[in-house]
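Reading through the structure tokens given below for one structure.
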2 protein chains.
Amino acid sequence: MTIVNPSILPGFLELLPEDQKKFDKLRAIIEENFKKYGFVNLDTALIEKEEILLSKGGGETSKQIYRIAKESTAQALRFDLTVSLARFVAMHAHELNFPFRRYQIGKVYRGERNQKGRYREFYQCDIDIIGNDKLSLLNDAEIPSVIYNIFKDMGFEELSFHINNRKLINGFLYSLGVADIESCLRTIDKLAKIGKENTCAELISQGLEGSQVDKIFEFLQEASNEALIERAESLYCDNESFIQGLRELKALYVNMQKFGVDKKNIKIDFSITRGLDYYTGSVFETFLNGYEAIGSVCSGGRYEDLASNFSKQKFPGIGLSIGLTRLYYQFSQAGILDELLGEGERQVLVLPFSEADMDYAIEIVNELRKNNITSQLYSEDGKMKKKFAYADKLNVAYSLIVGENERLDRSVAVKNMSTGLQENVKIDRLIDYILEG
Amino acid sequence: MTIVNPSILPGFLELLPEDQKKFDKLRAIIEENFKKYGFVNLDTALIEKEEILLSKGGGETSKQIYRIAKESTAQALRFDLTVSLARFVAMHAHELNFPFRRYQIGKVYRGERNQKGRYREFYQCDIDIIGNDKLSLLNDAEIPSVIYNIFKDMGFEELSFHINNRKLINGFLYSLGVADIESCLRTIDKLAKIGKENTCAELISQGLEGSQVDKIFEFLQEASNEALIERAESLYCDNESFIQGLRELKALYVNMQKFGVDKKNIKIDFSITRGLDYYTGSVFETFLNGYEAIGSVCSGGRYEDLASNFSKQKFPGIGLSIGLTRLYYQFSQAGILDELLGEGERQVLVLPFSEADMDYAIEIVNELRKNNITSQLYSEDGKMKKKFAYADKLNVAYSLIVGENERLDRSVAVKNMSTGLQENVKIDRLIDYILEG
């Protein structure tokens, strides 16, 4: 038989069991919090019609999507979870209960240039709250509190929400006389990344005058939340969008605190604009204190109309996205996965000494499982040394050794694999012994 | 803006929230049992190199796969989870701990002809135990007990495992002088589906003589387990494969009982052959008593060598697969989803009477979540009637109504949405009240 070299495509992350357990723990923390906040699971198809995926127009996306060569209908793999959500909401509007709170955790595909830490297949974890025609502003403030709890559960003491409002910054730039606001916003969004000098040069190259650029930097300059609000108010800007944006930002700041986010974790930051033209109101980025180098771990914002490409009905919403695969990679690079997650669930392994002890060993493993204890029987032949090596590699909590003595007096030699201590336990006490740790 | 008609490709199942909850419950039962038995999650890439997917040779598979039109490397979506497992084991053999017990629950893709109840995107739920060079026969008997517990947890009282052994049936046909054993097996496997007459005709058309066909049917004929074993033994067949197969089948029958499967749930059935040439020993199919029309809900078997296409090392294994999407569809068609799963997890909805009650309502929802109670705040404007309609549609367990009276005496009007009864509960008793149901 010809042997095909077993290999995987570049840009795809595949984990060995012990690492997968950590990945799954991060995922579980995210999913539990999504559920606790009343979001329901939506599991859309991975393949969409190309006309759906590219309904906003092609551009970079068109180059990155994975096209399927099948049948006459042009189709491709989803590149995010939002397009499918929009398509789903437009299709099922009359069957949904608005505000519709959905979460989705799923793989998406982008054929980006291959580079370290960038994956072509990666998990996105999204929540969105979708209104029918309108949606209370209070929802904007609730979304960060979900994030807050997720990262607390992962073990981070403090995080910083950088918040801003697109209406405010749009209005500000408009009243400054900036012509191409979109490009200007995209540049401003990079400030923290590329520095003031480069940002400045880029703005000038977009045709802004020096005095405009000065005013922009003056406005963006970091300060306390109160000082920033005062700075915005003291402009006495009469642009409608600016006024509404400022009102919304102030409400967001106050309401986030009501939902349990401490004041010290909120940072108004006029330079956060979330480049995409998609967002129209509140926007935010999340940084982990002490791990700022990781960059923003979660971002999101308010949009005016989710499904404008698919429906004439208006569906405003607020959403966020966590790039789980990238997050896992970054935590792993920072060496903090173990520290954060501690020991994963560890199982119990039953090791019969010889063939003669097998029936008794099966009886024990049956009993463990009946009591919902994750457990496994080592049923291969071999020396005890080999059996212990298996237990070690499996990183089990307990090895239950069953030999002739144990079988005859209906007991088990329980070896605590962390301490190395071994104790003889009667079978009728075994479950309690294990459960009590 | 041009409106693109929101639609989904045919052959893709997408569920609304209430149905998705049921689907997720089935999935959770499967996953919990996989874990309890010590299987660990493996999450392979959805896209594989085409040479990996088609390493066994093309045929029907080559026509059905979803090819990706990207870059020079031919690639496509996985059509099952086994090929990726084989590739993974061959790639990481030196890093794995054998026997390697992995589970995977994931979507697979087959561009089959579109028909009712057949999906092009569907979930497979697989477990496999892979040995390095050898693997104890006891594992064959453990696999059905996982299934047994899964369907018990889903609410099925009784199921029937139809078990057989490929070595036995191969040896039997060989000693009968059947030339093309593979084709003959595939035909026999259809017996229950197409009936004796059609099976007979197909065998004759394959060149078998009438006397051979008679002997085959005589052998296959249903009887009690004990009678079937006696029938096989009384053949005094001296074919090596037959002898070993019979020995293995008898051991499987006895060992399944040790792992907790009741004798009455096991049915030796010589006609179960699992058409694929992949299987080399124990094979089984699972039927739900009272729902035989659904067909086999889970099947699996023993194979000699998982990764023969990818490695010269030998990896024998035993595995099973549940087609979850199809199972969900069948349960839903049979109208038994609700009966099986009962009420899903239901949440709590906090309904503030007016804007003035909002802060108090936020305080309450914060408290509920702090106590891990799935809950949500209705923060939209509107009449109470609209708010109750939302609660009804969301199928919540409790609506917590918060108006001026409640706010002033720090209580909540708790409406049990099943009984319609409403009770005033002080805020410091609220969590206990909800948790106690």
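The values are calculated or read from the model by the stated rules, or taken from the named source; none is laboratory data. What you see is a predicted model; the values in this text were computed from it and never measured. Here the Cβ is made from the backbone with ideal geometry for all residues, glycine too, and neighbour counts use every protein chain on show.
Just to be sure, is A:Ile143 buried (at least 22 other Cβ atoms within 10 Å of the Cβ), aliphatic (A, V, I, L, M) and more than 8 Å from chain B (Cβ to nearest Cβ)? When the stated conditions are applied, A:Ile143 passes them. Within the stretch B:54-67, restricting attention to residues that are out of contact with any Leu (no Cβ under 7 Å at 6 or more places or on another chain) and at the interface with chain A (Cβ under 7 Å from one of its Cβ atoms), the residue that is nearest to A:Ile3 (Cα to Cα) is B:Ser55.
Let's see how each residue does on (1) more than 13 Å from every other protein chain (Cβ to nearest Cβ); (2) acidic (Asp, Glu):
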residue	(1), (2)
B:Gly117	yes, no
B:Ile127	no, no
B:Tyr148	no, no
B:Lys152	no, no
B:Glu158	yes, yes
B:Arg166	yes, no
B:Leu173	yes, no
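If the condition is being under 34 Å from the mean Cα position of the chain (by Cα) and over 25 Å from B:Arg101 (Cβ atoms), then the stretch A:384-437 contributes only A:Glu436. Checking A:Phe161 against (1) more than 22 Å from the chain's Cα centre (by Cα); (2) buried (at least 21 other Cβ atoms within 10 Å of the Cβ); (3) modelled with pLDDT of 95 or more, which test does it fail? The single condition A:Phe161 does not satisfy is (1).
Number of residues in the stretch A:385-409 that are touching a residue at least 24 places away in the same chain (Cβ under 8 Å) and of a type outside the set (Ser, Thr, Tyr): the value is 15.
Each residue in the stretch B:1-36 was checked for being facing another protein chain (nearest Cβ under 7 Å), β-branched (Val, Ile, Thr) and touching an Asp or Glu at 6+ places or on another chain (Cβ under 9 Å), and 2 of them qualify. Taking the conditions (1) out of contact with any helix residue (DSSP H, G or I) (no Cβ under 6 Å at 6 or more places or on another chain); (2) modelled with pLDDT of 95 or more in turn, B:Thr44 satisfies each one other than (1).
For the stretch B:125-133, the count of residues that are buried (at least 21 other Cβ atoms within 10 Å of the Cβ), under 18 Å from the mean Cα position of the chain (by Cα), in a helix (DSSP H, G or I) and not acidic (Asp, Glu) is zero.
Looking at B:Glu51 and the list (1) within 11 Å of chain A (Cβ to nearest Cβ); (2) closer than 25 Å to A:Glu121 by Cα; (3) within 22 Å of the chain's Cα centre (by Cα), which single condition is not satisfied? It fails just one condition, (3). Contact annotation: no residue pair with Cβ atoms under 6 Å, 6 or more positions apart or on different chains, pairs a residue in the stretch A:198-212 that is assigned to a helix (DSSP H, G or I) with a partner that is of a type outside the set (A, V, I, L, M) and at pLDDT 95 or above.
The residue pairs whose first member lies in the stretch B:293-316 and is over 30 Å from B:Ala192 (Cβ atoms) and of a type in the set (A, V, I, L, M), whose second member is outside any loop (DSSP other than H, G, I, E, B) and at pLDDT 95 or above, and whose beta carbons are closer than 6 Å, counting only pairs six or more residues apart or on different chains, are B:Ala307/B:Ala86; B:Ala307/B:Val89; B:Ala307/B:Ala90.
Within the stretch B:288-303, can one find any residue that is in contact with a Gly (Cβ under 9 Å, 6 or more places away or on another chain) and either more than 22 Å from B:Asn170 (Cα to Cα) or outside any strand (DSSP E or B) (or both)? Yes, there is a match, as at least one residue in the stretch B:288-303 is in contact with a Gly (Cβ under 9 Å, 6 or more places away or on another chain) and either more than 22 Å from B:Asn170 (Cα to Cα) or outside any strand (DSSP E or B) (or both).
Taken over the stretch A:81-104, the criterion of being more than 8 Å from chain B (Cβ to nearest Cβ), closer than 23 Å to B:Leu77 by Cβ and either at pLDDT below 95 or part of a helix (DSSP H, G or I) (or both) is satisfied by A:Thr82, A:Val83, A:Ser84, A:Leu85. If you filter the stretch A:390-406 down to residues that are in contact with a Lys or Arg (Cβ under 9 Å, 6 or more places away or on another chain) and part of a helix (DSSP H, G or I), you find that the one that is farthest from the other protein chains (Cβ to nearest Cβ) is A:Ala391. Being within 22 Å of A:Arg102 (Cα to Cα), modelled with pLDDT under 95, small (Gly, Ala, Ser) and not in a loop (DSSP other than H, G, I, E, B) is a property that does not hold for B:Ala361.
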